[in-house]
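The structure appears right after this line, and notes come after that.
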Amino acid sequence: MTNSETLKIITGADRELVMTRVFNAPRRLVFEAMTKPDLVKQWLLGPPGWSMPVCQIDLKVGGKYRYVWRNADGREMGMGGVYREIVRPERIVATEKFDESWYPGEALDTSVLVEQDGRTTLTTTVQYESREVRDAVMKSPMEKGVVASYDRLAEVLQRMEK
């Protein structure tokens, strides 16, 4: 099931990209699925054909996270960052830097979860080092990966509610 029409991606302030999606699950479950390695490995995979052999999360301010993805031909892509703010179950702020960065510098991700009537709106704002970097990311195939990952997240949340 593809729900690309449910993902909204817009440019925010000068250097920001804002992604919004509504999930049919309570906020506490969405937060859990975003912060527990065994759950993250099930959905944060990007387009089909990728797995996540490394998913480390030290969920505390100053704690680090590390993700490594691997595709079918063995190519790997890694990234990590540091948690700057955590307000359970409503907000996570963390840095983001790819090992072999396809854009210069580090980004700052702010994820906000708002629940209404048992549904959760996840809004992730990514602040890049420049407008040029943000614009390059907007032109990349990033949206396909986010759509695929969020569709998987919706499926994980559905299983968690049972």
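What's the number of the only condition in (1) out of contact with any strand residue (DSSP E or B) (no Cβ under 7 Å at 6 or more places or on another chain); (2) within 25 Å of Glu129 (Cα to Cα); (3) among the polar types (S, T, N, Q) that Thr20 fails to meet?
Just one mismatch for Thr20, condition (1).
Spot the failing condition for Thr120; the list is (1) closer than 14 Å to Phe31 by Cα; (2) surrounded by fewer than 17 Cβ atoms within 10 Å (Cβ to Cβ); (3) over 13 Å from the mean Cα position of the chain (by Cα), and only one is missed.
The failed condition is (2).
Restricting the search to the stretch 79-98, which residues are over 28 Å from Arg28 (Cβ atoms) and at pLDDT 95 or above?
Lys97
Within the stretch 126-162, which residues are open to solvent by 30 Å² or more (accessible area, probe 1.4 Å) and farther than 20 Å from Ala107 by Cα?
Selection gives Arg152, Glu155, Gln158, Arg159, Met160, Glu161, Lys162.
Pairs please, first residue from the stretch 111-136 and at positive phi, second anywhere and of a type outside the set (S, T, N, Q), Cβ atoms under 6 Å, 6+ apart in sequence or on different chains.
Every condition considered, the pairs that remain are Gly118/Pro26.
Tell me, please, whether a residue that is under 13 Å from the mean Cα position of the chain (by Cα), assigned to a helix (DSSP H, G or I) and not hydrophobic (A, V, I, L, M, F, W, C) can be found in the stretch 46-66.
Checked against the condition, which is being under 13 Å from the mean Cα position of the chain (by Cα), assigned to a helix (DSSP H, G or I) and not hydrophobic (A, V, I, L, M, F, W, C), the stretch 46-66 yields no hits at all.
Name the residues in the stretch 80-105 that are touching a residue at least 12 places away in the same chain (Cβ under 8 Å), assigned to a strand (DSSP E or B), of a type outside the set (Gly, Ala, Ser) and more than 19 Å from Ser130 (Cβ to Cβ), would you?
Once the filter is applied, which keeps residues that are touching a residue at least 12 places away in the same chain (Cβ under 8 Å), assigned to a strand (DSSP E or B), of a type outside the set (Gly, Ala, Ser) and more than 19 Å from Ser130 (Cβ to Cβ), the stretch 80-105 yields Val82, Tyr83, Arg84, Glu85, Ile86, Arg91, Ile92, Val93.
Can you confirm whether Met19 is assigned to a strand (DSSP E or B), touching a residue at least 40 places away in the same chain (Cβ under 8 Å) and hydrophobic (A, V, I, L, M, F, W, C)?
Considered against the rule, which asks whether it is assigned to a strand (DSSP E or B), touching a residue at least 40 places away in the same chain (Cβ under 8 Å) and hydrophobic (A, V, I, L, M, F, W, C), Met19 comes out as yes.
The values are calculated or read from the model by the stated rules, or taken from the named source; none is laboratory data. Note that the structure is a prediction, hence the values are computed from the model and not measured. FYI the Cβ positions are ideal-geometry reconstructions off the backbone, even for glycines, and counts take in every protein chain you see. Surface areas here come from the heavy atoms of the whole protein model, side chains and all, with no ligands, DNA or RNA. Shrake-Rupley method; radii C 1.70, N 1.55, O 1.52, S 1.80 Å.
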